[in-house]
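A.B. asks: Have a look at this one before I ask anything.
The values are calculated or read from the model by the stated rules, or taken from the named source; none is laboratory data. All values derive from a computational prediction rather than experimental measurement. Note that each Cβ is placed from the backbone with ideal geometry, even for glycine, and that neighbours are counted across all protein chains shown. Just so you know, the surface numbers come from the protein's heavy atoms only, side chains and all, with ligands and any DNA or RNA stripped out. Shrake-Rupley method; radii C 1.70, N 1.55, O 1.52, S 1.80 Å.
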Amino acid sequence: MERHRSAVAKIATAVRGFFDRSEPYRIFHGSTNSTRPTRNSRAVDISALSNVISVDKARRIALVEPNVPMDALVSRTLKDGLVPPVVMEFPGITAGGGFAGTAGESSSFRHGFFDDTVRSVEMVLADGEVVTATPDGDKADLFRGAAGAVGTLGVTTLLELRLMEAKKYVRTRYRRTSSLAEAVQAVREEVARPENDYVDGILFSKDHGVIVTGTLTDEKPADVKPQTFSRAWDPWFYLHVRDRTKSLPSAAGPSKSAEDNVAVDYVPLGEYLFRYDRGGFWVGALAFQYFWMVPFTRLTRWFLDDFLHTRMMYRALHGSGESARLIIQDLAMPFETTEKFVNYTSKEHDIWPLWLCPLKKRGPPTFHPFTTPPVEGQAAQKISDAGEEDMMLNVGVWGWGPKDSRNFVAKNRELEAKVRELGGMKWLYAHTYYGPDEFWPMYGGRDWYDALRAKYHATNLPTVWDKVHVDPEVAQGKKRHWLKRQWPVGGLWGIYQSIKSKDYMLHRKAGWKWKGDEA
């Protein structure tokens, strides 16, 4: 803990210097899972804060520095038979990123966002003061305001996380659906089942959806082999789900029993939590479309496995500049309008598969997304009076956009408008084109936020809008270096950058991977 205190003291001194000079700064944590364009600016380096300081098995609490990635956190807590209630599906996403951003995963229908599992947070305020905030203490307003505010109220330096009992396996059910309406209804039904610990879904098309549910268990039939997804020859999770369900009837069709449209696997817990790492859900398939001469087969996926984990793909994506033409958006939608939204994305973007993830909805004020089901004669932008426990459905839309930069911006702006029309709200990790007159009213105005910034001396820091906004005019006129625009130079340069990072070693040595029953 002494090492931690020393590191925080240095950070606080650096922050105080920026404050005294009235200079804004940004936080450098060493990696990113954002697809927003990066900007060069003054930064406070917190990359050294990357340790799990302690795990209290009796109290089920972990003290974690902000740069601890999910795979390191899970590997450490599993040693004590514990696991965080909400684990981001990409191993490289950090605990600090989960708090400062918005992290909602397949257990969030039960446990809420990642920050809902945080008991306290240590922060260096913008004037260099080190404070601790809790959800129900004297700085509860800071705790709630900082969650999702992308570091604009101070620097997160330590988190106290709630843990829960881990089990050996996740009994994983794949429920086939044959229409959008059926898929949405199936999600509603599955989140109501008390035995489900995890719920998400994949829409391969309008008539092939799969709602995936998971139940923690230590039991497995003796004749059933555990299904893994981390080894190079293992299937990618989404391809496995597609193949396991394509011949199943839907629940709406004729079947002999309620389980005829269901397939079941027993997945080791770590393998389940990071099941989408290989292939980055299915975005990794786009790399094969870029390098069109490489066939998309199990053999090539095995051979290129080191390059097809999310850490390596993010390095390559940013290095190549191809993120400028990818639509990577997560949209929180009301259940009532999700079908309309998917019909819209199908017609206007033709991006498949889509991800579905039910989430607890938190009411404002917050920078987490929340939904407002449109009511006839009432603007969709009106702040919802719904309670904290209401649900919403995240739709992940990830695929190629138009090559032309102007058309790309226009398509993203149309998407933003449709989301608001249907009562939804987007995550802020991706391209965000809202002007200030659009942005602030979505979050109930900025008075509550400005009051927090004044109270905690953060007025010299960039605002949330400053950090997430992409200027449409700049984006439309921006071009990559002419050499990167020459196929396949940009892609090869991205691969080179990913190799230089040596991030592939992190997956090779991951402690959470299944080692067999004898482990």
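Listed here are the residues, each with its yes/no results for (1) out of contact with any strand residue (DSSP E or B) (no Cβ under 9 Å at 6 or more places or on another chain); (2) surrounded by fewer than 23 Cβ atoms within 10 Å (Cβ to Cβ); (3) not polar (S, T, N, Q).
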site: Thr132; (1), (2), (3): no, yes, no
site: Phe143; (1), (2), (3): no, yes, yes
site: Ala146; (1), (2), (3): no, no, yes
site: Gly151; (1), (2), (3): no, no, yes
site: Lys167; (1), (2), (3): no, yes, yes
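A.B. asks: Further question: Restricting to the stretch 179-189, what's the tally of residues that are crowded, with 17+ Cβ neighbours inside 10 Å and in contact (Cβ under 8 Å) with a residue 40 or more places away in the chain?
C.D. replies: Final tally of qualifying residues: 6.
A.B. asks: May I pose another question? List pairs: first residue in the stretch 426-448 and among the β-branched types (Val, Ile, Thr), second residue open to solvent by less than 20 Å² (accessible area, probe 1.4 Å) and in a helix (DSSP H, G or I) anywhere in the structure, Cβ distance under 9 angstrom, at least six positions apart or on different chains.
C.D. replies: Qualifying pairs under 9 Å: Thr432/Asn412; Thr432/Glu416; Thr432/Phe439; Thr432/Val468.
A.B. asks: Take residues that are over 30 Å from Asp197 (Cβ atoms) and tell me which of the strands (runs of 3 or more DSSP E) falling wholly in the stretch 9-121 contain 1 or more.
C.D. replies: 26-28, 43-45
A.B. asks: I'm trying to understand the selection: among the residues of the stretch 416-426, which are more than 18 Å from Glu339 (Cβ to Cβ) and open to solvent by 20 Å² or more (accessible area, probe 1.4 Å)?
C.D. replies: Ala417
A.B. asks: Checking the condition in contact with a Leu (Cβ under 6 Å, 6 or more places away or on another chain), among the hydrophobic types (A, V, I, L, M, F, W, C) and buried (at least 23 other Cβ atoms within 10 Å of the Cβ), which residue from Val155, Val121 passes?
C.D. replies: Val121
A.B. asks: Among the listed residues Val419, Val474, identify the single one that is of a type in the set (Val, Ile, Thr), modelled with pLDDT under 95 and closer than 28 Å to Lys403 by Cα.
C.D. replies: None of the other options fit; the residue is Val474.
A.B. asks: Would you pick out the residues in the stretch 195-240 that are charged (D, E, K, R) and under 22 Å from the mean Cα position of the chain (by Cα)?
C.D. replies: Scanning the stretch 195-240 gives Asp197, Asp200.
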